[in-house]
Amino acid sequence: MTTTNQPNAGAAGTWKLGDRTVNRMGFGAMRLPGMPWDEKPTDRAGAIAVLRRAVELGVNHIDTAAFYFMPTRSANELISTALQPYPDDLVIATKVGAARTRDGAFEYGRPDQLRGQVEENIRQLGLDHLDLVNLRWGLGLDKQPGSVAEHFGALAELRDAGLIRHLGISNIDADQLNEAMTIAPVATVQNRYGLTERQDEALVDTCAAHGIAFVPFFTVATSVPGGTGHDGPDETGQAEVARVAQAHGVTPAQVRLAWTLHRGDHILAIPGTGRLTHLEENIAAGGLRLSDDDLALLDGITG
């Protein structure tokens, strides 16, 4: 076998988020309440069970946002209910900038609105400050041009005021990262990246050079019809991925996660799910050791 017998989020090693050490296999909370296009929200008890099991398996980095909600479910509320009192080593990362109105419509916050967004996350999570806040730049998946200085500067002021411990930035390009680093230390970059989403290769290397954690999203998923989001397996390179998966006795999704983690020690995975079986499979991927031949085959896939 090429995976550890018991899934453990520490199997892929650790990385520093500022002054906090986290296991490289984390958890993304986006799917916990259900996705906007779902007919009904997820089962509440099931979502709480997933969160508690994740922590039992060593997850100490959870990514969330106040705009992850359905009419009767909220990712932040589920996290608060399931995990308080929080473990001392747990790092909860959230994101602001992008927001949703009560009726679910997305909107983008002005710099002077970011404090309210930060305070809303603090309230929902039952905290007195936030470990890590990412400035999510733009509303869509495509990178948006423009200066991030005013927004990132507003978050830097909130860090100085003690509401935020560390800052990150999401959905940005190299110039925007460089601009942010002139304002305040950047602990994480959170961009779309994976085996067949490699447009940010240079940015991944830049983060490594600066000791910045790179936190990819949509590592194992692809767009659904109509462009409403990401909710299905990425089938690009499926023959090559299936070949590696069969050789190791694992799933294609586990291979994609393992490849992403192999890309660099500063990569932190945050796969999300609302199912216990998928959770354990995702965490087990951190123990999957790909051979040089496996990596050569997978590296040859083009998106």
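Values as computed for the structure displayed
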quantity: Complete set of residues in the stretch 166-180 that are part of a strand (DSSP E or B) and either under 15 Å from the mean Cα position of the chain (by Cα) or basic (Lys, Arg) (or both); calculated: 167, 168, 169, 170
quantity: Identity of the residue in the stretch 253-303, out of contact with any Leu (no Cβ under 8 Å at 6 or more places or on another chain) and hydroxyl-bearing (Ser, Thr, Tyr), that ends up modelled with the highest pLDDT; calculated: 291
quantity: All positions within the stretch 1-51 that are farther than 30 Å from residue 106 by Cα, over 17 Å from the mean Cα position of the chain (by Cα) and of a type in the set (S, T, N, Q); calculated: 2, 3, 4, 5, 6, 8
quantity: Sole exception among (1) touching a strand residue (DSSP E or B) at 6+ places or on another chain (Cβ under 7 Å); (2) among the aliphatic types (A, V, I, L, M); (3) farther than 23 Å from residue 168 by Cα for residue 59, by number; calculated: (3)
quantity: Scan of the stretch 280-296 for residues that are assigned to a helix (DSSP H, G or I) and crowded, with 19+ Cβ neighbours inside 10 Å, ordered by number; calculated: 281, 282, 283, 284, 285, 286, 287, 294
quantity: Members of the stretch 79-106 that are loosely packed, with under 12 Cβ neighbours inside 10 Å and closer than 29 Å to residue 43 by Cβ; calculated: 84, 85, 87, 101, 102, 103, 104, 105
quantity: Set 125, 130, 155, 135: member being under 24 Å from residue 216 (Cβ atoms), touching a Phe, Trp or Tyr at 6+ places or on another chain (Cβ under 7 Å) and either at pLDDT 95 or above or polar (S, T, N, Q) (or both); calculated: 135
quantity: Scope the stretch 124-159; condition free of Cβ contacts under 8 Å to residues at least 40 places away in the same chain, outside any loop (DSSP other than H, G, I, E, B) and surrounded by 14 or more Cβ atoms within 10 Å (Cβ to Cβ); matching residues; calculated: 130, 149, 152, 156, 157, 159
quantity: Those residues of the stretch 10-54 which are in contact with a Phe, Trp or Tyr (Cβ under 8 Å, 6 or more places away or on another chain) and of a type in the set (A, V, I, L, M), in sequence order; calculated: 22, 29, 30, 32, 51, 54
quantity: Unique residue being at pLDDT 95 or above, buried (at least 19 other Cβ atoms within 10 Å of the Cβ), hydrophobic (A, V, I, L, M, F, W, C) and outside any helix (DSSP H, G or I) when the list is 250, 244; calculated: 250
quantity: Counted residues, the stretch 181-213 - those being of a type in the set (Val, Ile, Thr), surrounded by 15 or more Cβ atoms within 10 Å (Cβ to Cβ) and assigned to a loop (DSSP other than H, G, I, E, B); calculated: 4
quantity: The stretch 255-277, subset touching a residue at least 60 places away in the same chain (Cβ under 8 Å) and over 19 Å from residue 196 (Cβ atoms), residue nearest to the chain's Cα centre (by Cα); calculated: 268
quantity: Some residue of the stretch 91-104 being at pLDDT 95 or above and part of a loop (DSSP other than H, G, I, E, B); calculated: yes
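The values are calculated or read from the model by the stated rules, or taken from the named source; none is laboratory data. As the structure is a computational prediction, the values presented were derived from the model and not from experiment. Cβ atoms come from the backbone with ideal geometry, glycine included; neighbour counts cover every protein chain shown.
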